[in-house]
Amino acid sequence: MQTIHPDVESIILDEDTIKGISARLGAEISADYADKNPLLVAVLRGAVVFMADLMRSITVPISIDFMATSSYGNSTTSSGSVRILKDLETNIRDRHVIIAEDILDSGLTLSNLIGMLHSRGPASIEVCAFAVKDIDGYTPPVTPKYVGCHVPNKFIV
């Protein structure tokens with residue numbers, strides 16, 4: 001029996017399910033980008049663990065890079081306005097970019113980030129989200145091409 005931390009109400013996805021999701025997403029990306037050498041981008045820090053799992057599941061050549069952004073300011077909810085704290089080191093002109101997102105909720109920050117990256121002339125930008133929060137009556141402004149699973153609108157760790 002798995003021990004749950006006292007701050008955790010319940011386990012939504014167990015370890016085997018998480019591994020299966022990463023493997024499936026990696027296989028989908030590998031099939032779609034067989035001859036394209038995509039750039040996999042994680043926005044620090046939330047998506048790092050997911051990106052590590054994902055890149056181990058991708059069987060085609062890829063490159064990786066990282067960004068750090070701030071959209072929360074002094075709040076606990078996203079303003080959607082993006083301030084870049086660490087930019088990409090890779091020139092993305094004519095590159096196929098896949099943004100690895102851990103949990104897509106409002107999508108406001110990601111939407112602004114995608115707009116910013118489009119101005120740099122990539123061949124394509126897609127989103128691979130490990131989880132999408134199901135928020136009643138709300139449709140995020142970003143539709144990921146790759147979705148691992150859907151989760152309830154709760155605080156997820």
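Taking only protein heavy atoms and a 1.4 Å probe, what accessible area per residue, in Å², does the chain have with all protein chains in place?
58 Å²
Round to a whole number: what % of the accessible area of the chain belongs to carbon and sulfur, probe 1.4 Å?
Carbon and sulfur together cover 51 percent of it.
If we sort 99-107, 115-123, 145-153, 7-15 on the protection proxy, mean other Cβ atoms within 10 Å, highest first, what's the order?
Working: 99-107: 21.8, 115-123: 13.3, 145-153: 15.4, 7-15: 10.1.
The peptides rank, most packed first, as 99-107, 145-153, 115-123, 7-15.
In whole Å, how far is the Cα centre of segment 1-72 from that of segment 133-156?
Each part reduced to its Cα centre gives a spacing of 16 Å.
Within segment 1-47, report the trypsin sites (Lys or Arg not before Pro) that DSSP leaves as loop and that have at most 12 other Cβ atoms within 10 Å.
Arg45
About its Cα centre, what dipole magnitude does the chain give when the only charges are +1 on Lys and Arg Cβ and -1 on Asp and Glu Cβ, stated in debye to the nearest 20?
With only Lys, Arg, Asp and Glu charged at Cβ, the dipole is about 460 debye.
The values are calculated or read from the model by the stated rules, or taken from the named source; none is laboratory data. Note that the coordinates shown come from a computational prediction; the quantities given were computed from them, not determined experimentally. Cβ sites come from the backbone with ideal geometry, for glycine too, and all protein chains shown count toward neighbours. When the accessible area is computed, the model is the full protein with side chains, heavy atoms only, and any ligands, DNA or RNA have been set aside. Shrake-Rupley method; radii C 1.70, N 1.55, O 1.52, S 1.80 Å.
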